[in-house]
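Every read-out reported here was derived from the displayed coordinates using simple, explicitly stated rules and does not represent laboratory data. The shown structure was predicted, so the numbers you read here are calculated from the model rather than taken from an experiment. Glycine also receives a Cβ, built like all others from the backbone with ideal geometry; neighbour counts cover every protein chain displayed.
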Amino acid sequence: MKHTPSRALRGVALVLALGLLPVAGAWAAQSITVSTDVGHTVCGNGNAADNGNWPCDQTPVGNTVTINSGVAVTGGAYGSSNTTDATSVTGNRVDVKGRVTTPVYGGNHVRSGSDNVTASNNTVTLGTGGVAAADVYGGFAYTGSGNATASGNTVEISGGTITGEIDGGVASGGTMTATNNTVTITGTPTFTGVTQLRGGNAGTSGTSTGNTLNLHTAGLTVDMLSAFQNLNFYLPTGLAPGGNMLSVNGVANLGANAVVTVNLEGAGPALHTGDTFNLISAGGGITSSSSIDPASASGVIGGYNYTLAIDGENLVLTIGNPVPVTTSAAAVPTLGEYALAALAALLAAMTFFTLRRRA
C-alpha cells in the first residue's frame, strides 16, 4: 500500500522547503519563564517571544513553564497543550510561584473526534507564595470516541494557596484510563474551597489504577476525595491524638482494597498505646464499598504496632502495644576462633591425664 504523508507532515515539509523555519531545532522543546504580569494564558509550547501566548502549536513534549514569584497570569498555564493532532503530550512541567487565575495543566491533550489522546509524565508544582486560583491537573486527556489515557502525571504542592479541583490525572471521553498518577502534599499550603482531591479520575466507567496520595501535612480540608488506590500518610510532629490528617466535607471514596501506609514525618508526634488518629475524617462518610487491603491493615510505626479501620466516617489509626525488644544474634557474646581452639586443647589435655591416671 502506498504510504501517504499526513497533512501535518506535508505542511511541515513545505514550511522547511520554503525556508520559513530552520531545520535544526524547529520543533525543539521550550522553557518559558514569566517574570512580568501577563493578561493571557501561557503555554510551554506557545509563542516563546510573547511569554508563551497562543497558539500552542510547537512540540507538546518536554516543555517547561515557570511563573515567577510576584507575577500574575490573568489566564491559565499549560506545560503543553495539543488540540490539533494525536501527538502525545508528555514530559511537560509548570512551576507556579506567582498567581494563575484560571486552571493549571501540566499537560493537556484534547481532541473532539476519534483520535487517541495521551497526557503522560507531566508535572505541576505549587510552592510558597504561589496561587492557583482555579483547578490544577497534572495531566488531562479528552477525546470524543477514541482512547483517553492519563498516566504518570504528578501534582506537587509544598505551599501556596489553591482553590478548585486537584487531579493527578484526568481521562475523559471515549475509553478512559487513568493510571499511576500522584498527588504529593507537603509543607503548609492553604486550601480554600478545594472541591475535589483525586488521583486518577477516569469517570465512573473508566479504569483507575495505581494512583497515589502522599500526605505529609495535617489539618487540610477538601470537599470530596476519590480515585486513589494508594494512600501514604506521614504523621507530622504537631498532630495530637484524636486529630485529623485530612478532613473531607462530603464523601470519601477509597475504593476496594486501598493500600494504606503510615509513617512519621520527621520525629512525628509522641505515640502511646491507645492513641487514635483520624487519617481521613469525612462528614459525608466513607463509601460502603471502600475497604483496606488486608496486608496494609496493620503495621509498625515509631516502635509501636498499629491497626487501621474504617468506622463509617473515619479512617482510623490506632496505636497498639510497643514492639517487643529482641536481642539480635550479633549481640550475644561468642567465643572467638582462638578461644575455641584453646578450650579444645584444654579438654584434650584433661582427657589425656584422666586416662593416664586410670591406667
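Within the range 277-300, residues that are farther than 21 Å from G320 by Cβ and touching a residue at least 12 places away in the same chain (Cβ under 8 Å) reach partners that are part of a loop (DSSP other than H, G, I, E, B) and of a type in the set (A, V, I, L, M) with beta carbons closer than 7 Å, at six or more positions or on different chains, in the pairs A282/V251; G284/V251; G285/V251; I286/L254; T287/V251; S289/A256; S290/L254.
For (1) touching a helix residue (DSSP H, G or I) at 6+ places or on another chain (Cβ under 6 Å); (2) in a loop (DSSP other than H, G, I, E, B); (3) of a type in the set (V, I, T); (4) crowded, with 21+ Cβ neighbours inside 10 Å, each residue gets a yes or a no:
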site	(1), (2), (3), (4)
G70	no, yes, no, no
T102	no, yes, yes, no
G107	no, no, no, yes
S114	no, yes, no, no
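For the range 33-58, a residue qualifies if it is under 18 Å from G138 (Cα atoms) and either among the hydroxyl-bearing types (S, T, Y) or in contact with a helix residue (DSSP H, G or I) (Cβ under 8 Å, 6 or more places away or on another chain) (or both), and exactly one does: T41.
Going through (1) within 21 Å of G113 (Cα to Cα); (2) surrounded by 18 or more Cβ atoms within 10 Å (Cβ to Cβ) one by one, T64 falls short only on (1).
Quick check on S81: is it closer than 20 Å to G174 by Cα and touching a Cys at 6+ places or on another chain (Cβ under 7 Å)? Spelling it out, S81 is indeed closer than 20 Å to G174 by Cα and touching a Cys at 6+ places or on another chain (Cβ under 7 Å). Does N45 satisfy the condition of being buried (at least 24 other Cβ atoms within 10 Å of the Cβ) and assigned to a loop (DSSP other than H, G, I, E, B)? Judged against the criteria, N45 is a match.
Quick one: is T125 in contact (Cβ under 8 Å) with a residue 24 or more places away in the chain, of a type in the set (S, T, Y) and surrounded by 24 or more Cβ atoms within 10 Å (Cβ to Cβ)? Lay out the reasoning, then the answer.
Details: in contact (Cβ under 8 Å) with a residue 24 or more places away in the chain: yes; of a type in the set (S, T, Y): yes; surrounded by 24 or more Cβ atoms within 10 Å (Cβ to Cβ): no.
In short, no.
Of all residues assigned to the range 57-65, none qualifies as being more than 21 Å from T154 (Cβ to Cβ), touching a strand residue (DSSP E or B) at 6+ places or on another chain (Cβ under 6 Å), without any contact (Cβ under 8 Å) to a residue 40 or more places away in the chain and part of a loop (DSSP other than H, G, I, E, B). Flag: G274 matches the condition of being within 21 Å of G312 (Cα to Cα) and among the small types (G, A, S). If you check D95 against the conditions, is it among the acidic types (D, E) and in a loop (DSSP other than H, G, I, E, B)? Taking the combined requirement at face value, the residue does not satisfy it. Within the range 107-131, the residues that satisfy the criterion of being more than 16 Å from S158 (Cα to Cα) and either among the polar types (S, T, N, Q) or under 22 Å from the mean Cα position of the chain (by Cα) (or both) are G107, N108, H109, S112, S114, N116, V117, T118, A119, S120, N121, N122.
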